[in-house]
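Below you'll find the structure, written out as structure tokens, and then a few comments.
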Amino acid sequence: MACCGGGYPEDRFQTSVDKNFFCPICTDVLKDPVQCHNQHLFCRACITEHLKNSQTCPVCMEKLTEEALSKPARIVTNILDGLMVNCEHKERGCVELVELGLLETHISVCEYKPVTCPNERCEAVVNMADLEEHTSEVCEYRQVFCEECDENMSLKKYEKHGCFISKDVQAMKVVLFQMQHQVKTVQDQVKEMSNRQNEMFEAIQNLTTAVSKLSTTSGRAESTCDTKPQGNIVVIGGQNGVINCLNSVEVYSLANQTWSKLAPMQQKRAAATAHFYNGQVMVTGGFYDMAIATKSIEYVRICEELQSTVRPEPTNTAYQDEFSSLLYQLPFEGYGHKTAIINDQVWLVGGYGINNNQGQSSNAIYTKPIRSTGTFVVKRRLPKPLSFHGLEIINGNELLIIGGSTAGFTHYAVNTVWSYNTVTNTLRELHPLPFPMVDMATVKHGEDVIIIGGQNKERGYLNTVFKYNHKKRVCKQLPGMKYKRGECAAVISGNRVFVMGGYNEEQGYLSSVECFDLQHQVWHELPPMSEAKFKIAAVLVP
């Protein structure tokens with residue numbers, strides 16, 4: 001039989017339910033139970049609907065009216081009210097188990113209760129806990145203020161507004177000026193080539209001889225491609241326990257294949273970012289205790305002898321050197337963010353911020369001149385917040401934003417790929433990843449971005465490796481690593497990718513190092529780090 005309303009599905013309960021507490025009409029667990037004079041139990045909604053068509057009890061077949069229905073014994077309702085049941089918003093993310101008698105109270109205040117955005121013309125349905133963020137930061141119909149014309153309007157209208165468009169026009173003018181400069185450069189080159197045309201004809205014979213020699217030299221060059229790469233890999237900070245964050249710094253010599261410890265940082269940092277800039281390693285953000293993050297920046301100086309000294313940003317005007325003007329911090333205390341440096345400009349994309357012991361992901365793209373004493377400025381907003389994603393520079397002035405999580409947790413992982421143009425301030429969505437992923441490492445090789453390890457939406461750790469090409473719109477899978485790795489670090493030197501540390505459920509925290517030869521498509525292991533850790537940052541120091 002079927003009825004309106006009905007009971008509770010059995011699979012919502014923590015334990016099996018006694019067969020006597022199932023409605024014989026809808027066959028689910030009783031909801032708002034009532035009984036006939038022979039004590040046959042039904043859901044109130046089910047028996048009420050049944051009695052519209054038949055004036056008999058569907059079990060004993062004796063005459064029955066709605067007025068004759070009665071409440072069951074208190075012991076029946078007490079047993080039912082004490083059963084542990086899942087919230088009806090479980091599929092939206094609620095994991096609460098509550099007593100059935102308290103279910104309606106919980107549902108009325110459940111953070112995952114679906115609510116409709118109150119902004120005019122917006123019909124989006126979000127979780128009640130996300131409503132404030134949606135209405136104030138995400139909704140395209142939220143009210144914004146145009147300082148140019150002193151008017152309030154919806155964000156959607158603002159983006160088509162004349163003042164906003166004029167900013168885009170200015171950016172286009174900058175691009176046009178750059179293109180004109182490039183055209184002039186090409187014209188000068190063509191003119192120079194024309195002037196040298198006669199010389200080129202005379203040199204044809206010599207060129208033929210040179211090509212022959214070049215073929216021989218090319219063969220020799222190919223045979224030397226497998227020589228040891230040069231430089232050093234600096235691995236910074238990380239975590240090797242639930243609350244054990246690290247301030248350690250260690251370096252791996254690619255020539256000698258040996259690890260050595262350097263002086264530690266002043267601040268413990270996990271899930272930070274690092275860049276090699278002007279002879280120093282710049283380290284930004286990260287957390288140093290459970291739910292305690294930092295927005296500070298410090299510098300690790302790498303000397304020729306690879307002895308490091310670590311100092312925070314200068315705090316007095318008496319100290320003058322090439323970094324004395326870098327008196328700034330990140331705009332928020334956070335981790336899981338990504339940074340890039342383009343033409344002495346720092347770019348900060350997304351991240352997981354901590355405010356009042358509450359964490360949330362950021363949808364902002366910030367920037368500031370690296371040698372400016374000013375603060376970070378929001379240049380653009382992503383459609384959704386993002387953290388624990390990948391970030392690489394492409395085409396010289398674009399940021400490729402890869403995967404990540406919209407709420408800082410793996411089950412909010414996404415497969416989106418965005419390209420942000422730092423010159424025109426435009427954002428476009430590219431070919432997606434094969435599946436949602438988060439906490440992966442990335443390196444750039446030519447026009448390809450290599451995506452390494454991480455976690456999928458089901459919290460599974462990955463040993464997968466993908467080669468993503470934004471121009472060809474393809475994402476090709478490469479041979480996988482020996483170990484699954486989440487929140488590992490990677491650098492690239494020539495045709496070789498070096499992957500350090502990470503975590504998986506089988507081995508736990510990893511100290512191992514693997515190297516992938518992009519030319520021969522093979523992996524091999526290198527000497528391990530001095531300690532097992534994940535959430536590390538790594539840079540290649542030439």
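The values are calculated or read from the model by the stated rules, or taken from the named source; none is laboratory data. Please read these numbers as outputs of a predicted model, since none were measured by experiment. Every residue, glycine as well, gets a Cβ built from its backbone with ideal geometry; the counts of neighbours run over all protein chains shown. The protein model used for the area step is the full one, side chains on, heavy atoms only, and it has no ligands, DNA or RNA in it. Shrake-Rupley method; radii C 1.70, N 1.55, O 1.52, S 1.80 Å.
Worth pointing out:
- Test: residue in region 32-53 that is open to solvent by 60 Å² or more (accessible area, probe 1.4 Å), farther than 30 Å from VAL95 by Cβ and without any contact (Cβ under 8 Å) to a residue 12 or more places away in the chain: yes
- Scanning region 54-87 for residues that are open to solvent by 80 Å² or more (accessible area, probe 1.4 Å), without any contact (Cβ under 8 Å) to a residue 24 or more places away in the chain and either under 24 Å from PRO114 (Cβ atoms) or under 54 Å from the mean Cα position of the chain (by Cα) (or both) turns up ARG74, ILE75, ASN78.
- Just one of (1) assigned to a strand (DSSP E or B); (2) more than 28 Å from ALA171 (Cβ to Cβ) fails for VAL449. It is (2).
- Residue in region 422-443 that is of a type outside the set (S, T, N, Q), assigned to a loop (DSSP other than H, G, I, E, B) and at positive phi present: yes
- Restricting attention to region 364-389, the residues that are modelled with pLDDT of 90 or more, out of contact with any Gly (no Cβ under 7 Å at 6 or more places or on another chain) and polar (S, T, N, Q) total 1.
A quick yes/no check of all residues on (1) among the hydroxyl-bearing types (Ser, Thr, Tyr); (2) open to solvent by 20 Å² or more (accessible area, probe 1.4 Å):
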| position | (1), (2) |
| --- | --- |
| MET437 | no, no |
| MET440 | no, no |
| LYS444 | no, yes |
| LEU478 | no, no |
| TYR483 | yes, yes |
| CYS515 | no, no |
| GLN521 | no, yes |
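- Within region 140-155, the set of residues being outside any loop (DSSP other than H, G, I, E, B) and either closer than 29 Å to ALA407 by Cα or open to solvent by 100 Å² or more (accessible area, probe 1.4 Å) (or both) comprises GLN143, VAL144, PHE145, ASN152, MET153, SER154, LEU155.
- SER419 meets each of the listed conditions (1) open to solvent by 10 Å² or more (accessible area, probe 1.4 Å); (2) under 20 Å from PHE435 (Cα atoms); (3) outside any helix (DSSP H, G or I) apart from (1).
- Scope region 335-365; condition in contact with a Lys or Arg (Cβ under 7 Å, 6 or more places away or on another chain), open to solvent by less than 40 Å² (accessible area, probe 1.4 Å) and not hydrophobic (A, V, I, L, M, F, W, C); matching residues: GLY350, ASN363
- Scanning region 255-273 for residues that are open to solvent by 30 Å² or more (accessible area, probe 1.4 Å) and under 30 Å from the mean Cα position of the chain (by Cα) yields a count of 4.
- If you filter region 451-493 down to residues that are within 16 Å of the chain's Cα centre (by Cα) and touching a residue at least 60 places away in the same chain (Cβ under 8 Å), you find that the one that is nearest to GLY93 (Cα to Cα) is GLU487.
- Test: residue in region 481-495 that is under 27 Å from LYS384 (Cβ atoms), modelled with pLDDT under 95, in a strand (DSSP E or B) and not charged (D, E, K, R): yes
- Some residue of region 3-25 being closer than 30 Å to MET128 by Cα, open to solvent by 60 Å² or more (accessible area, probe 1.4 Å) and of a type in the set (Ser, Thr, Tyr): yes
- The set of residues in region 499-524 that are assigned to a loop (DSSP other than H, G, I, E, B) and more than 13 Å from ALA489 (Cα to Cα) comprises GLU505, GLU506, GLN507, LEU518, GLN519, HIS520, GLN521.
- Flag if LEU97 is closer than 30 Å to THR77 by Cα and open to solvent by 90 Å² or more (accessible area, probe 1.4 Å): no
- Search result, residues across region 367-413 that are over 17 Å from HIS275 (Cα atoms), among the β-branched types (Val, Ile, Thr), open to solvent by 10 Å² or more (accessible area, probe 1.4 Å) and part of a strand (DSSP E or B): VAL377, VAL378
- Of all the criteria given as (1) open to solvent by less than 80 Å² (accessible area, probe 1.4 Å); (2) over 16 Å from PHE13 (Cα atoms); (3) assigned by the TED database to the domain that holds LYS52, the one not satisfied by VAL126 is (3).
For (1) within 27 Å of GLY502 (Cα to Cα); (2) touching a helix residue (DSSP H, G or I) at 6+ places or on another chain (Cβ under 8 Å); (3) outside the structural domain of VAL417 (by the TED database), each residue gets a yes or a no:
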| site | (1), (2), (3) |
| --- | --- |
| ASP344 | no, no, no |
| LEU348 | yes, no, no |
| TYR352 | yes, no, no |
| THR367 | no, no, no |
| ILE370 | no, no, no |
| GLY374 | no, no, no |
| VAL378 | no, no, no |
| ARG381 | no, yes, no |
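- Region 487-507, residues that are in contact with a Gly (Cβ under 7 Å, 6 or more places away or on another chain) and among the acidic types (Asp, Glu): GLU487
- Of GLU137, GLU104, GLU120, all but one fail to be of a type outside the set (Val, Ile, Thr), open to solvent by 60 Å² or more (accessible area, probe 1.4 Å) and assigned by the TED database to the domain that holds GLN14; the exception is GLU104.
Here's the yes/no breakdown for (1) more than 27 Å from PHE388 (Cβ to Cβ); (2) in the same structural domain as VAL513 (by the TED database); (3) at pLDDT 90 or above; (4) out of contact with any helix residue (DSSP H, G or I) (no Cβ under 8 Å at 6 or more places or on another chain):
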{"site": "THR209", "(1), (2), (3), (4)": "yes, no, no, yes"}
{"site": "GLU222", "(1), (2), (3), (4)": "yes, no, no, yes"}
{"site": "VAL251", "(1), (2), (3), (4)": "no, yes, yes, yes"}
{"site": "THR258", "(1), (2), (3), (4)": "yes, yes, yes, yes"}
{"site": "MET265", "(1), (2), (3), (4)": "no, yes, yes, yes"}
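- Where PRO432 falls short, out of the listed (1) buried (at least 19 other Cβ atoms within 10 Å of the Cβ); (2) under 15 Å from the mean Cα position of the chain (by Cα): (1)
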